[in-house]
Amino acid sequence: MKIAFVGKGGSGKTTLSSLFIRHLSAAGIPVVAVDADINQHLGPALGLDEDQAAAFPAMGAHLPEIKEYLRGANPRIASAGTMIKTTPPGHGSRLLRVTEDNPVYGACARPLSLEGGEARLMVTGPFSESDLGVACYHSKVGAVELFLNHLVDGRDEYVVVDMTAGSDSFASGLFTRFDMTFLVAEPTRKGVAVYRQYSEYARDFGVALRVVGNKVQGPDDLEFLRAEVGDDLLVTVGHSDWVRSMEKGRPPCFASLEEANRRALRVMHEAADAAYATRDWERFTRQMVHFHLKNAESWGNERTGADLAAQVDPAFVLDERLTLTR
């Protein structure tokens, strides 16, 4: 199951995504955590100190290796150099599983011991000095999009992505890669403005979107969110002394998280799990192709000097039942 956390900057989406990852790990569920936010705070939220977080390999720095591996023996892809962030898999491509060992994980993922379980963490990486003033952030998350495009995940395994703030993810097809998107919203006008924009953009693509109200302090906050987001409001989260300790670098045992907030995580888990019943691999593949053709026409053909539309394999549908190519 592929899960995204989105919301405006400061809404608490990284905190909520880290709590959800801890919840899954504590339940013994395989999980890959991906930090696709420009601010790169997920590692520290999962217990890494600053030096440990800074030492993580950036997915963007390993993009050539990722492309070469995923390309496999796909005859429609002439070389890894002609692959772009939206290149879809086809017959002969190498696909990825959540729980396997492969060169992509070997280069970009590191294990984290969490709440009696183990999760893998991958990060896009921050801007470097050479990027400043010349690079678009979406060039950094291209590796994440390729990773998700080639992932054949099942019901009882999770990939949780902490997305960039606001509606920035709509600059690529990344927002359609998920079984469930949790939009974290504060009970303020600014907090729900991102929801309105996100829900409007996502509607035409069948994106499953549920709102998690954060920093909710009382009935008035709850009523405000209900009035603004309606039935999309899934659950709310209030003040947490556990989170405050975690943000100070002194996280207590996860079992001591407040019962109301643990219950909220269970509700989110149930909603994510229920989304499996509506999973549509044909639509997923069709949307991959849609955004690939748009990117090819807009800039990809010129950048690579190739006709990237020819990379589309019309007979291929991504599906978790596929046998992986090695």
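Key figures
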{"item": "Breaking point among (1) crowded, with 16+ Cβ neighbours inside 10 Å; (2) in a helix (DSSP H, G or I); (3) in contact (Cβ under 8 Å) with a residue 12 or more places away in the chain, for LEU318", "result": "(2)"}
{"item": "Check on ARG196, within 23 Å of the chain's Cα centre (by Cα) and open to solvent by 50 Å² or more (accessible area, probe 1.4 Å)", "result": "yes"}
{"item": "Extreme residue, farthest from ARG303 (Cα to Cα), among residues of region 85-96 that are of a type outside the set (Val, Ile, Thr), surrounded by 17 or more Cβ atoms within 10 Å (Cβ to Cβ) and modelled with pLDDT of 95 or more", "result": "LEU96"}
{"item": "Helices (runs of 4 or more DSSP H) (entirely within region 136-233) containing at least 3 residues that are closer than 17 Å to ALA33 by Cα", "result": "142-149"}
{"item": "The listed residue being modelled with pLDDT under 95, under 30 Å from THR87 (Cβ atoms) and out of contact with any strand residue (DSSP E or B) (no Cβ under 9 Å at 6 or more places or on another chain), out of THR323, THR304", "result": "THR323"}
{"item": "Search result, residues across region 26-46 that are touching a Ser or Thr at 6+ places or on another chain (Cβ under 9 Å), part of a loop (DSSP other than H, G, I, E, B) and not polar (S, T, N, Q)", "result": "PRO30, ALA36, ASP37, ILE38, HIS41, LEU46"}
{"item": "Contacts under 7 angstrom Cβ, first residue in region 251-271 being closer than 16 Å to ALA27 by Cα, partner open to solvent by 50 Å² or more (accessible area, probe 1.4 Å) and among the hydrophobic types (A, V, I, L, M, F, W, C), 6 or more apart", "result": "PHE254/ALA26"}
{"item": "Residue within region 66-76 that is charged (D, E, K, R) and within 15 Å of the chain's Cα centre (by Cα) present", "result": "no"}
{"item": "Selection within region 48-66 - open to solvent by 50 Å² or more (accessible area, probe 1.4 Å) and either in a loop (DSSP other than H, G, I, E, B) or without any contact (Cβ under 8 Å) to a residue 60 or more places away in the chain (or both)", "result": "ASP49, GLU50, ASP51, GLN52, ALA54, ALA55, PRO64, GLU65"}
{"item": "Single condition ARG189 does not satisfy, out of (1) without any contact (Cβ under 8 Å) to a residue 24 or more places away in the chain; (2) open to solvent by less than 20 Å² (accessible area, probe 1.4 Å)", "result": "(2)"}
{"item": "Residue among ARG283, ARG262 that alone is part of a helix (DSSP H, G or I) and over 22 Å from ARG97 (Cα atoms)", "result": "ARG262"}
{"item": "Members of region 235-278 found to be of a type in the set (Gly, Ala, Ser) and either within 24 Å of the chain's Cα centre (by Cα) or surrounded by 14 or more Cβ atoms within 10 Å (Cβ to Cβ) (or both), listed by number", "result": "GLY238, SER240, ALA264, ALA271, ALA272, ALA274, ALA275, ALA277"}
{"item": "Selected residue [of a type in the set (Ser, Thr, Tyr), part of a helix (DSSP H, G or I) and out of contact with any helix residue (DSSP H, G or I) (no Cβ under 9 Å at 6 or more places or on another chain)] from TYR105, TYR69", "result": "TYR105"}
{"item": "Test set (1) outside any helix (DSSP H, G or I); (2) open to solvent by 40 Å² or more (accessible area, probe 1.4 Å) - SER298 fails condition number", "result": "(1)"}
{"item": "Checklist (1) aliphatic (A, V, I, L, M); (2) out of contact with any Gly (no Cβ under 6 Å at 6 or more places or on another chain); (3) without any contact (Cβ under 8 Å) to a residue 60 or more places away in the chain; (4) over 21 Å from MET1 (Cβ atoms) applied to VAL243, failing item", "result": "(3)"}
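The values are calculated or read from the model by the stated rules, or taken from the named source; none is laboratory data. Every value quoted in this text rests on a predicted model; they were computed, and no experiment measured them. FYI the Cβ positions are ideal-geometry reconstructions off the backbone, even for glycines, and counts take in every protein chain you see. For the accessible areas, the whole protein counts, side chains as well, though only heavy atoms, and no ligand, DNA or RNA atoms are used. Shrake-Rupley method; radii C 1.70, N 1.55, O 1.52, S 1.80 Å.
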